[in-house]
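Chemist: Below you'll find the structure I mean.
The values are calculated or read from the model by the stated rules, or taken from the named source; none is laboratory data. Note that the structure is predicted; figures quoted are calculated from it, not measured. All Cβ positions, even for glycine, are placed from backbone atoms using ideal geometry, and neighbour counts span all protein chains on display. Heads up: the accessible areas ignore ligands, DNA and RNA and are worked out on the full protein's heavy atoms, side chains in. Shrake-Rupley method; radii C 1.70, N 1.55, O 1.52, S 1.80 Å.
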Amino acid sequence: MSGTVLSQKPGPIGVFDSGYGGLTILRHMRKVMPEYDFLYFGDNARTPYGTRSFQVVYEYTLQCVTRLFEMGCHLVILACNTASAKALRTIQQCDLPRLDANRRVLGIIRPTVESLGEMTVSRHIGLLATPGTVKSLSYPLEIGKLFPDITVTSESCPIWVPLVETGNFMSDGADFFIRRHVESLLAKDPMIDTILLGCTHYPLLYDKIRKYVPENVTIVSQGRYVASSLRDYLNRHPEMDARCTRAGTCRYYTTESQDTFLPNASVFLEGKIEADTVTL
């Protein structure tokens, strides 16, 4: 991006994900903030990020954030737990001052964590997430900062994202993998009364997860909490709100071919969409 001059005109809110799961976050944002313009960017050609190293995730995420800036976004949401865990802080601290100190990149871990304090009575929370998110310890660390009395127990679910992205998440075979990880998590800590779905793909598995979770245990999906947090952020930062356009539009971009992206994206969204392919 060296030498690139970024437009200072108001633009859409950028929403980035390594794959398709961020579409579940975008869907809630558009419900809560229908008047705003959004631009969704999926790095679908290089997904999944969950099993990649911190350095690779950081480099890939920075490339995509930079492209969203070039496309006119002043505010970018990393609607991806892995990118939020492995890349957000470095981009905020090291790259934004160099690229444009007035632009912002936000993640989805902090707003999710902020919602947990009022949900758990036992103060024991379970986390279901990808290997990358679990290994990063991002959720236990953030929860520990805000709620030091809460105990977090994590379970890595490496097969759940492929189940969703291959369209097999409704199959009977999916139940085997879902039940195994849910039961493993609950066996680690029987006092868990709240389970956080720490991956944006997992809302599509909600009904199956619910089958194997006791009725008295709350299951937390991220979308509505992240959307509410974004609205609150813009209310508290009118200078950024003024840089976000409002025509109620949403455009979709992917690093994958349109023929591959569109049918997979339709699993996460209601109605047909159009998308353009971008080369990084």
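Chemist: Of the residues that make up the range 143-156, is at least one at pLDDT 95 or above, among the acidic types (Asp, Glu) and assigned to a strand (DSSP E or B)?
Modeler: Yes, there is a match, as at least one residue in the range 143-156 is at pLDDT 95 or above, among the acidic types (Asp, Glu) and assigned to a strand (DSSP E or B).
Chemist: Which condition does residue 219 not pass, out of (1) touching a residue at least 40 places away in the same chain (Cβ under 8 Å); (2) surrounded by 13 or more Cβ atoms within 10 Å (Cβ to Cβ), if it passes all the others?
Modeler: (1)
Chemist: Could you tell me whether the range 180-202 includes any residue that is part of a helix (DSSP H, G or I), under 20 Å from the mean Cα position of the chain (by Cα) and within 20 Å of residue 139 (Cβ to Cβ)?
Modeler: Within the range 180-202 (the criterion being part of a helix (DSSP H, G or I), under 20 Å from the mean Cα position of the chain (by Cα) and within 20 Å of residue 139 (Cβ to Cβ)), the answer is yes, since at least one residue qualifies.
Chemist: Which ones in the range 56-83 are at pLDDT 95 or above, in a helix (DSSP H, G or I) and either open to solvent by 10 Å² or more (accessible area, probe 1.4 Å) or small (Gly, Ala, Ser) (or both)?
Modeler: Scanning the range 56-83 gives 56, 58, 59, 60, 62, 63, 66, 67, 70.
Chemist: Then there's this: Taking the condition hydrophobic (A, V, I, L, M, F, W, C), part of a helix (DSSP H, G or I) and surrounded by fewer than 21 Cβ atoms within 10 Å (Cβ to Cβ), does residue 23 pass?
Modeler: Taking the combined requirement at face value, the residue does not satisfy it.
Chemist: Within the range 238-256, which residues are open to solvent by 50 Å² or more (accessible area, probe 1.4 Å) and part of a loop (DSSP other than H, G, I, E, B)?
Modeler: Matches in the range 238-256: 242, 243, 246, 247, 249, 256.
Chemist: Looking at the range 84-103, which of its residues are in contact with a helix residue (DSSP H, G or I) (Cβ under 6 Å, 6 or more places away or on another chain) and open to solvent by 30 Å² or more (accessible area, probe 1.4 Å)?
Modeler: 90 - this is the single residue of the range 84-103 that is in contact with a helix residue (DSSP H, G or I) (Cβ under 6 Å, 6 or more places away or on another chain) and open to solvent by 30 Å² or more (accessible area, probe 1.4 Å).
Chemist: Within the set of pairs 6+ apart or on separate chains, which have a first residue in the range 158-170 that is part of a loop (DSSP other than H, G, I, E, B), a second that is open to solvent by 50 Å² or more (accessible area, probe 1.4 Å), and C-beta atoms under 6 Å apart?
Modeler: Qualifying pairs under 6 Å: 159/177.
Chemist: Looking at this structure, is residue 155 among the acidic types (Asp, Glu) and either under 30 Å from residue 34 (Cβ atoms) or surrounded by 19 or more Cβ atoms within 10 Å (Cβ to Cβ) (or both)?
Modeler: yes
Chemist: Working only within the range 26-55, note down all residues that are open to solvent by less than 10 Å² (accessible area, probe 1.4 Å), touching a Lys or Arg at 6+ places or on another chain (Cβ under 9 Å) and under 18 Å from residue 251 (Cβ atoms).
Modeler: Once the filter is applied, which keeps residues that are open to solvent by less than 10 Å² (accessible area, probe 1.4 Å), touching a Lys or Arg at 6+ places or on another chain (Cβ under 9 Å) and under 18 Å from residue 251 (Cβ atoms), the range 26-55 yields 29, 33, 38, 39, 40, 41.
Chemist: Something else now. Counting only residues that are farther than 24 Å from residue 21 by Cβ and assigned to a loop (DSSP other than H, G, I, E, B), which one in the range 121-140 is least open to solvent (accessible area, probe 1.4 Å)?
Modeler: 122
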